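A short worksheet on the structure shown next.
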Amino acid sequence: LLVSGSLDSTAKLWRLSDDNSAATCVATLKGHSSTVFSVAFHPTASLLATGSSLDKTVKLWRLSSDNSSATCVETLKGHSDYVWSVAFHPTAPLLATGSSDKTAKLWRLSDDNSSATCVATLDDISTVNSVAFHPTAPLLATGSRDMTAKLWRLSSDNSSATCVAILKGHNNDVTSVTFHPTAPILATGSADKTVKLWLLSPN
């Protein structure tokens with residue numbers, strides 16, 4: 001499956017062909033009232049998250065058993081401006097969201113993944129364009145309109161996070177952040193037309 005978000009306020013599910021050379025749209029997910037900027041599949045559960053602009057919400061969608069449709073099970077309200085980015089934690093029942101309201105939020109999923117509760121609001125000084133969890137370490141990365149990326153260390157119970165590093169080097173918005181799946185590297189993409197690779201310290 002592939003999921004896409006669009007200016008037409010929908011997300012679409014696409015089924016890939018056996019050789020991954022083509023895709024067929026199997027479902028159109030309607031519910032947002034504005035652009036769907038960010039989409040993410042849960043790493044293990046049959047769950048999808050979508051973040052939208054003017055409606056300022058995140059929606060959780062449960063996939064059908066045959067992955068041919070999805071039903072909205074929860075609308076997460078809490079941001080006061082555009083939601084630019086959504087990301088599930090690789091192992092913990094946690095969702096991160098980034099917004100134009102100058103915050104990132106951590107949401108704890110219920111046991112049945114039918115709802116989520118905001119457990120932490122991480123204050124930035126500018127729009128949070130992108131969020132990404134580290135694959136193994138208790139870290140969250142955020143990319144911001146203030147031209148920086150930030151590293152946040154999650155608490156042991158994932159109920160809060162503390163900024164432990166501010167990465168400076170770009171001279172325009174940091175629009176995307178992602179961790180390497182195995183190496184201690186963070187990649188950041190920027191409106192300054194560059195991508196930077198950052199070597200993470202062992203601590």
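Residues are listed down the side, and each one gets a yes or a no for (1) within 30 Å of SER155 (Cβ to Cβ); (2) in contact (Cβ under 8 Å) with a residue 12 or more places away in the chain; (3) assigned to a loop (DSSP other than H, G, I, E, B):
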| position | (1), (2), (3) |
| --- | --- |
| SER21 | no, no, yes |
| CYS25 | no, yes, no |
| LEU54 | no, yes, yes |
| VAL73 | yes, yes, no |
| ASP101 | yes, yes, yes |
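Can you work out which of the residues in segment 75-84 that are assigned to a loop (DSSP other than H, G, I, E, B) and open to solvent by 50 Å² or more (accessible area, probe 1.4 Å) is farthest from THR175 (Cα to Cα)?
SER80
Return yes or no: is SER46 in contact with a strand residue (DSSP E or B) (Cβ under 6 Å, 6 or more places away or on another chain) and surrounded by fewer than 16 Cβ atoms within 10 Å (Cβ to Cβ)?
So SER46 fits the description; yes.
Take segment 85-96 and flag every residue that is part of a strand (DSSP E or B) and either open to solvent by 20 Å² or more (accessible area, probe 1.4 Å) or closer than 19 Å to SER46 by Cα (or both).
VAL86, ALA87, PHE88, LEU94, LEU95, ALA96
The values are calculated or read from the model by the stated rules, or taken from the named source; none is laboratory data. As the structure is a computational prediction, the values presented were derived from the model and not from experiment. Because the Cβ atoms are built from the backbone with ideal geometry, glycine has one as well, and the counts that use them run over all protein chains shown. When the accessible area is computed, the model is the full protein with side chains, heavy atoms only, and any ligands, DNA or RNA have been set aside. Shrake-Rupley method; radii C 1.70, N 1.55, O 1.52, S 1.80 Å.
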